[in-house]
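Everything below concerns the one structure shown next.
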Amino acid sequence: MYGLIMTEPGHIEMQTYASEENLQDRDIKIKLLYGGICGSDVGVYKGKIVHASYPVRPGHELLGEIIETGENALLQKGTRVVIQPNSYCGECEYCAAGMTNICPEKKSLGINVDGGFAEQFTINEKYAIPVPEELSDEKAVLVEPFSVIVHAFRKIRVDASTKIAIVGCGTEGILAIGLAEHLGADVTAIDINEEKLQKVNQHYKQVHTMTPGQAEQNQYDYVLEAAGAKGTFEKSLDIVKPGGEIVVIGLAPHADLEVSKAVRKEVTVYGSIIYQAPKDFITSMDYLKRPSLNVEPVISKIFALKDYQTAYEDAVSGHYGKIIINFKEDAR
């Protein structure tokens with residue numbers, strides 16, 4: 001069995017793995033179909049995630065098919081599933097409140113425990129969520145990253161009466177643009193990268209685009225900060241209306257917050273980290289089944305597993321949207 005291994009920052013290679021035998025209790029063995037390369041995968045590759053462990057098998061945006069089950073597993077062989085890649089203890093106060101996304105015992109596939117970028121991998125079925133038949137593989141592989149946006153949008157009420165700015169037009173930003181447009185909002189996309197803005201213009205005709213310098217103060221009911229940069233967080237506070245709300249999914253390490261401005265404008269700032277499963281995954285799949293939700297621009301390229309080096313180079317370059325690795329084909 002073939003799979004990828006990140007031995008150290010900047011170095012990824014193919015390895016052979018022994019297929020795991022004698023599945024325990026509720027374990028399931030999955031044949032991977034598609035795997036998406038995420039911003040955090042790029043961060044691990046660049047050595048920029050401090051809690052990453054090496055060597056580590058990458059991959060947490062995972063779509064596969066169950067090929068074997070443990071004795072007490074409830075899911076059936078042949079079921080297509082997506083993976084919720086963040087573990088949780090199930091016992092702390094946060095898990096008891098349903099906030100498994102902030103469990104202090106959380107571990108993340110492909111970051112500090114081995115991920116799923118292999119032809120087959122084994123995981124407890126509680127982290128697997130069945131995919132509806134009508135959802136294509138190309139949409140199903142987006143369920144995990146789209147769940148980040150679904151979770152963030154739970155904090156605000158986006159509809160046809162609202163103006164929202166999406167700051168940052170990477171994968172998560174594009175998914176947010178698609179959902180906000182689908183919900184009927186007046187949407188503005190903001191980015192420093194003209195190529196990304198051109199992509200938005202090409203695929204989302206009703207969405208306004210501009211650079212941060214063009215964005216005026218006090219214009220938006222909601223701002224979703226998806227760039228994860230110091231300046232974009234600070235800009236979000238400028239452009240949100242008095243009484244407005246900012247949702248931050250970007251992971252800027254530091255920013256200067258004008259406290260008096262936030263107070264005088266009576267702005268609400270929400271932090272939003274990953275998602276709560278399975279509910280955000282189920283909502284994501286419900287949205288993705290709708291033909292009127294435009295997420296096709298998110299995926300830029302699909303590579304065969306044997307071309308993993310080029311796939312990572314393109315993902316790291318920052319010139320593309322979502323890069324997918326196709327595990328259906330022979331790795332050799």
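Overview of values
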| item | result |
| --- | --- |
| Enumerated strands (runs of 3 or more DSSP E) restricted to the stretch 232-332, each holding at least 2 residues that are of a type outside the set (Ser, Thr, Tyr) and farther than 25 Å from residue 147 by Cβ | 240-248 |
| Number of positions in the stretch 257-299 that are among the small types (Gly, Ala, Ser) and farther than 23 Å from residue 229 by Cα | 3 |
| So residue 286, is it in contact with a helix residue (DSSP H, G or I) (Cβ under 8 Å, 6 or more places away or on another chain), within 29 Å of residue 102 (Cα to Cα) and of a type in the set (D, E, K, R) | no |
| Residue that is surrounded by the fewest Cβ atoms within 10 Å (Cβ to Cβ), among those in the stretch 25-41 that are of a type in the set (A, V, I, L, M) and in contact with a Phe, Trp or Tyr (Cβ under 8 Å, 6 or more places away or on another chain) | 33 |
| Only one of 106, 126 that is open to solvent by 30 Å² or more (accessible area, probe 1.4 Å) and under 18 Å from the mean Cα position of the chain (by Cα) | 106 |
| Some residue of the stretch 254-276 being farther than 29 Å from residue 50 by Cα, among the β-branched types (Val, Ile, Thr), under 17 Å from the mean Cα position of the chain (by Cα) and surrounded by fewer than 18 Cβ atoms within 10 Å (Cβ to Cβ) | no |
| Any hit, the stretch 46-55, residues being in a loop (DSSP other than H, G, I, E, B), over 25 Å from residue 298 (Cα atoms), open to solvent by less than 60 Å² (accessible area, probe 1.4 Å) and among the polar types (S, T, N, Q) | yes |
| Test for residue 219: is it surrounded by fewer than 22 Cβ atoms within 10 Å (Cβ to Cβ), touching a residue at least 60 places away in the same chain (Cβ under 8 Å) and out of contact with any Gly (no Cβ under 6 Å at 6 or more places or on another chain) | no |
| Any hit, the stretch 19-33, residues being within 24 Å of residue 250 (Cβ to Cβ), within 18 Å of the chain's Cα centre (by Cα) and aliphatic (A, V, I, L, M) | no |
| Test: residue in the stretch 208-216 that is within 23 Å of the chain's Cα centre (by Cα) and crowded, with 18+ Cβ neighbours inside 10 Å | yes |
| Per-region count, the stretch 1-24, residues surrounded by fewer than 13 Cβ atoms within 10 Å (Cβ to Cβ) and either in a strand (DSSP E or B) or touching a helix residue (DSSP H, G or I) at 6+ places or on another chain (Cβ under 9 Å) (or both) | 6 |
| Selection within the stretch 145-190 - in contact with a Pro (Cβ under 8 Å, 6 or more places away or on another chain), open to solvent by 10 Å² or more (accessible area, probe 1.4 Å) and not β-branched (Val, Ile, Thr) | 172 |
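The values are calculated or read from the model by the stated rules, or taken from the named source; none is laboratory data. Just so we're clear, the structure is a prediction, and the values are computed from it rather than from any experiment. Neighbour counts run over all protein chains shown; Cβ positions are idealised from the backbone, glycine included. For accessibility, only protein heavy atoms count, side chains too; no ligands or nucleic acids. Shrake-Rupley method; radii C 1.70, N 1.55, O 1.52, S 1.80 Å.
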